Each structure stands twice: as C-alpha cells, then as structure tokens.
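Structure, as structure tokens:
The values are calculated or read from the model by the stated rules, or taken from the named source; none is laboratory data. Everything quoted here is computed from the prediction, not taken from an experiment. All Cβ positions, glycine included, derive from the backbone under ideal geometry; neighbour counts span all protein chains shown. Surface areas here come from the heavy atoms of the whole protein model, side chains and all, with no ligands, DNA or RNA. Shrake-Rupley method; radii C 1.70, N 1.55, O 1.52, S 1.80 Å.
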Amino acid sequence: MPLKTPEEYVQSLRDMPIRAYVGGERVASIVDSPLIAPHINTVAKTYELAHLPEHRDVMTAESHLTGERIHRYTHIFQSADDLVKKIQMLRLLGQTTGTCFQRCVGLDALNASYAISYEVDEAHGTDYHQRFRAYLAMVQEQDLMLAGAMTDPKGHRARRPSEQDDPDAFVHVVERRPDGVVIRGAKLHNTGGINSHEVLVLPGTGLIPGEEDYAIACAVPADADGVTFIFGRQSNDSRKLEGGCDIGNPRFGVVGGEAMVVFEDVFVPTQRIFLNGETEHVGTLVNYFATWHRANYGGCKGGNADVLIGATAKMTRVLGTDRNAVVKDKLVEMIHMNETTYASAIGASAMGYALPCGSFMVEPMMANTVKQNITRNVYQIGRLSHDLAGGFLATMPDEKALDNPEIGDLVRKYHTANPDYDVDERIRLGRYIENMTSVTTLVEAMHGAGSPQAQRIVMLGQAAIEEKIAMADEVINGTDDVPGLPLPRRTAEVVD
Ligand code: SF4
C-alpha cells in the first residue's frame with residue numbers, strides 16, 4: 001500500500017541533497033536543522049495518522065487511477081464527499097498538531113494542475129493531461145509531499161509580469177529545448193517547501209497574450225540542480241532552541257515553515273511540464289487553486305482554534321476565573337466564530353460540483369467567504385484569548401528565571417494563581433497562546449490563500465447583484481404571475 005510511515009518520510013528527506021539556507025547559513029541536512037525539525041515533525045504527523053484505523057476514512061482515499069488506498073494528500077477530489085472529508089482531515093490535523101501541517105498547498109496545486117491540463121488539452125489538442133496523470137501516479141505510489149509554489153516576488157505591483165524591470169520578478173521560461181524548458185525566478189512564502197519532495201510550480205496571476213514565457217506549470221524535484229531554499233524567520237522561532245516551558249508548541253512548528261525557493265536556470269524535462277505558454281488558461285488555473293485553498297482554512301484554522309480555545313480555557317482555570325459568566329461568554333464567542341468558518345467550509349464542500357475533467361470543485365462563494373472570515377476571526381479569537389489570559393502574556397518570566405536559585409522562588413510565589421496549577425504550567429500555556437496569536441500566525445491568516453481583497457473581488461463577481469435587484473423589484477413591485485428568479489449556478493470562473 002503506497003502509504004509512507006513517518007520514519008520513511010524523514011529518511012526520504014535525509015536521502016535528498018536539498019540545498020537550503022537557515023539563518024543565512026547552508027545546512028548540511030534539513031532533517032538535522034533544529035529550526036526545520038518542528039516543521040518536519042508536523043508533516044510526519046500527517047503520515048502517521050494515515051496508518052491509524054480510526055482515521056483511515058478521512059486520512060486516506062481510493063485512487064481513481066489505480067484503485068489503491070492512498071493518502072488523501074495525494075488524491076484528486078472525486079466527489080463532494082471527498083471535499084468534505086478533506087475539510088474534516090484538516091480539522092483533525094489542526095487539532096493534533098496545533099499548527100499548519102503544510103501539505104494542503106501541494107494538494108490543491110495537484111488538483112488545479114489535473115483540472116487545467118485536461119482543459120488545455122481539450123482546447124488545444126495537447127497531451128499535458130496524460131503527462132500529468134503519469135506524474136500523479138508516481139506521486140501517489142511514493143506518497144510524496146508536494147509544495148505548491150504560486151507566489152512570485154512580483155516586483156513593481158503596478159506593472160504586469162512582462163513590464164517589470166527585472167523579468168525574474170515572475171518565474172518564467174528562459175529557454176525552450178526539444179526535451180524541455182529552462183526556468184528562472186523565485187517563489188515566496190512557500191509553505192512546507194523546504195521539507196517537500198517536489199515543488200509544483202504554477203503561475204500566481206492571470207496572464208495575457210505576449211506573456212507566454214510566464215505561463216508555465218511544471219514539477220521540479222526539491223533537490224534539482226539550481227533549486228535553493230531560503231528559510232524565513234517566524235515570531236519566537238529561536239525559542240525552539242531553548243527548551244523548557246518557553247517553547248510554546250514543543251514538538252511542532254508555528255505556521256508552515258515558509259521558505260523562499262529560487263530557480264536559477266532549472267531544467268524541466270517535457271514529461272514534467274503541464275502547461276507551457278497557454279496564457280488564456282492561467283487565470284482559471286489560479287482561480288481553481290485559490291478557491292480550493294480558501295475553503296481549507298475553515299478546517300485547519302478550526303483545528304488550530306480548538307487547541308487555542310482549549311489552552312485559553314485551561315488558562316482561566318489556572319487563573320481561577322473559569323466560573324465567571326463573562327469569561328464563559330467570551331469562550332462561547334471564540335467557539336461561535338470558529339464553528340462558523342468550519343460550517344462554511346463544510347458547506348462549500350457539500351455543494352461542490354464537477355469540473356470538465358470530472359474532479360470536484362468547492363462552491364466558490366462559500367469558499368471565499370470562509371477565507372474572508374478567517375482574515376477577521378483568527379484575529380478576533382486571538383484577541384479574546386489575550387483578553388482572558390491577561391497581561392501576563394506580555395510579561396511572562398522565562399525558564400531561566402524559574403531555575404535561578406536566587407530568584408526562582410520569588411518568581412513562582414508571585415505568579416501562582418490557582419494553587420492547583422504550578423507556574424511552569426501557566427507559562428507553557430501562555431507561550432502557546434503567544435505563538436498562536438503572534439505576528440506570523442496572524443499574518444498567515446490574513447494573506448495565506450490570497451489577501452482579503454482577492455476574496456472580496458470574487459465575492460462581488462459571484463454575488464449576482466443584477467439578479468438580486470430583479471428579486472427586490474419582483475418582491476416590491478412585481479405581480480404574482482412572474483416566475484421565480486433562481487440564482488444562477490456559481491462556478492469558479494475567472495472574475496475580473
Ligand atoms: Fe494547510 Fe492550513 Fe497550512 Fe494552508 S494554512 S497549508 S490549509 S494547514
């Protein structure tokens with residue numbers, strides 16, 4: 001059965017000579033880097049849970065290519081039920097790790113490439129889809145982790161890719177050969193990129209005729225010649241090196257271990273190219289990816305918020321405020337926001353519909369609404385957590401103060417609240433809350449899967465305002481003999 005164990009995943013990374021820089025220095029092995037290890041541990045959990053019988057239904061799926069049981073992270077969505085199970089999987093993983101588990105970008109990029117390669121072939125008689133199916137079969141068989149690489153550096157934001165002073169501001173083809181292409185450029189904010197087996201490179205924005213060199217979708221092994229990863233910093237990342245009660249989330253990372261990946265004249269063979277110059281399909285490709293990924297946030301952030309709500313609720317016990325009605329009401333508010341986004345993600349999935357290739361797309365209005373709410377609710381849930389945990393969050397003593405024989409007792413004495421809990425426990429909870437409500441986590445909720453305005457543009461385009469005006473006219477001014485005005489079916493088409 002093509003399901004890697006966590007140990008096999010880690011060993012497979014050890015076997016890859018990935019060129020990576022952390023803290024400005026080249027690392028000999030990403031597996032042995034203490035700053036990357038928490039992110040590898042998080043992904044290892046996604047492999048581990050797929051082997052547990054109680055999670056088999058949500059963590060695995062039947063491959064439509066081979067009929068074999070595969071990891072859901074390598075699956076092409078075959079039904080609305082598949083989409084629902086994906087959201088359930090994300091909530092489970094969020095609850096289990098309390099952070100981002102990274103594999104969803106690759107999954108959605110995989111699905112977007114599957115769908116668009118079919119549509120380009122239909123329009124142009126090309127053979128991208130067969131190539132992609134062969135690649136997908138390899139990914140499923142080897143249970144690979146994929147990084148979806150979408151976000152270009154973009155350069156001057158008021159200029160198109162073809163108008164940039166530096167053409168490398170967007171990944172592009174610099175040479176076309178009979179056996180493949182050579183690409184150059186970089187992708188930013190690459191979730192899980194540094195600990196992935198493969199990088200699925202897709203355009204990050206719609207393109208126009210004349211921008212054919214930027215219309216490239218392809219798969220690159222993470223250890224290919226010319227590929228370099230540069231690890232980003234996160235809030236409090238060096239706390240991972242300290243140990244003790246200051247770490248926050250001791251086993252797993254904070255957010256997705258995002259990295260910049262640079263492509264310095266990387267050769268991509270033909271069988272790994274899934275779109276090459278067909279600019280008119282790029283907008284749809286980007287939209288497919290973004291729509292799936294925006295629905296995800298109701299699942300993963302839901303699971304993360306479950307842990308945060310749990311940490312906050314326990315903190316109120318540590319403080320002795322847990323029986324206060326106002327405290328309980330604030331917890332309810334956190335729960336309400338969290339369940340609202342989860343419900344929207346489940347709704348977007350349950351209302352999924354078939355694309356031309358036969359795979360399933362989430363309902364776009366609800367998917368975009370999920371992400372729009374996440375850009376607010378994650379902040380608001382964090383605000384309430386800060387409110388309930390108190391100013392202690394900003395002034396907590398550290399492990400070293402507790403351990404100091406001269407002052408340790410004083411620190412404990414004056415930070416003890418409910419004597420049923422020791423001060424170490426209070427700090428451990430505080431550090432987790434600090435991690436999950438600090439800059440990296442909040443900014444990821446704001447901009448991951450597209451900045452808030454990107455969702456609002458889609459929502460307005462999908463809102464059928466003219467039909468709503470017609471409904472208002474009918475209700476207010478109409479007569480009974482006018483037929484109903486059902487809303488048109490919404491699709492994930494490109495909306496300008
Ligand atoms: Fe998955 Fe959520 Fe992380 Fe995106 S932010 S990769 S959806 S866990």
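Listed by position, the helices (runs of 4 or more DSSP H) inside region 411-480 whose residues that are within 16 Å of the ligand (Cβ to nearest atom), open to solvent by less than 40 Å² (accessible area, probe 1.4 Å) and at pLDDT 90 or above number at least 1 are 423-436, 439-447, 452-462. The criterion of at least 1 residues that are over 28 Å from R239 (Cα atoms) and in contact with a strand residue (DSSP E or B) (Cβ under 8 Å, 6 or more places away or on another chain) is met, among strands (runs of 3 or more DSSP E) falling completely within region 1-75, by 60-62, 69-71.
Only one of G210, G206, G256, G248 is assigned to a loop (DSSP other than H, G, I, E, B), open to solvent by less than 10 Å² (accessible area, probe 1.4 Å) and in contact (Cβ under 8 Å) with a residue 24 or more places away in the chain; which? It is G256. Scanning region 294-324 for residues that are over 17 Å from V58 (Cβ atoms) and of a type in the set (A, V, I, L, M, F, W, C) yields A305, V307, L308, I309, A311, A313, M315, V318, L319. The C-beta contact set for region 156-168 (first residue touching a residue at least 24 places away in the same chain (Cβ under 8 Å) and of a type in the set (K, R), second residue assigned to a loop (DSSP other than H, G, I, E, B) and open to solvent by 60 Å² or more (accessible area, probe 1.4 Å), distance under 6 angstrom, 6+ apart or interchain) is empty. Among the residues making up region 214-245, those that are open to solvent by 10 Å² or more (accessible area, probe 1.4 Å) and more than 23 Å from S29 (Cβ to Cβ) are Y214, S235, N236, G244.
From the list E278, E198, pick out the single residue that is within 30 Å of R159 (Cβ to Cβ) and at pLDDT 95 or above.
E278
Of all residues assigned to region 121-133, none qualifies as being buried (at least 21 other Cβ atoms within 10 Å of the Cβ), in a helix (DSSP H, G or I) and within 9 Å of the ligand (Cβ to nearest atom).
Among the residues in region 288-299, are any in a loop (DSSP other than H, G, I, E, B), open to solvent by less than 20 Å² (accessible area, probe 1.4 Å) and at pLDDT 95 or above? Before you say what the answer is, go through the steps one by one.
Narrowing region 288-299 to residues in a loop (DSSP other than H, G, I, E, B): none.
Within region 288-299 (the criterion being in a loop (DSSP other than H, G, I, E, B), open to solvent by less than 20 Å² (accessible area, probe 1.4 Å) and at pLDDT 95 or above), the answer is no, since none of the residues qualifies.
Considering region 134-170, and only residues there that are farther than 30 Å from H64 by Cβ and under 22 Å from the mean Cα position of the chain (by Cα), the residue that is most open to solvent (accessible area, probe 1.4 Å) turns out to be K154. Screening the candidates M361, M337 for the property of being out of contact with any Cys (no Cβ under 7 Å at 6 or more places or on another chain), open to solvent by less than 10 Å² (accessible area, probe 1.4 Å) and among the hydrophobic types (A, V, I, L, M, F, W, C) yields one hit, M361. The set of residues from region 66-108 being on the phi > 0 side of the Ramachandran plot, more than 9 Å from the ligand (Cβ to nearest atom) and under 14 Å from the mean Cα position of the chain (by Cα) comprises just one member, G98. Here's a check for you: in region 301-331, which residue that is open to solvent by 60 Å² or more (accessible area, probe 1.4 Å) and touching a residue at least 60 places away in the same chain (Cβ under 8 Å) is farthest from the ligand (Cβ to nearest atom)? Across region 301-331, the extreme among qualifying residues is R317. Residues of region 18-62 that are among the basic types (K, R) and touching a residue at least 24 places away in the same chain (Cβ under 8 Å): R19, K45.
Only one entry of V120, V139 meets the criterion of being within 19 Å of E278 (Cβ to Cβ) and touching a residue at least 60 places away in the same chain (Cβ under 8 Å), and that entry is V120.
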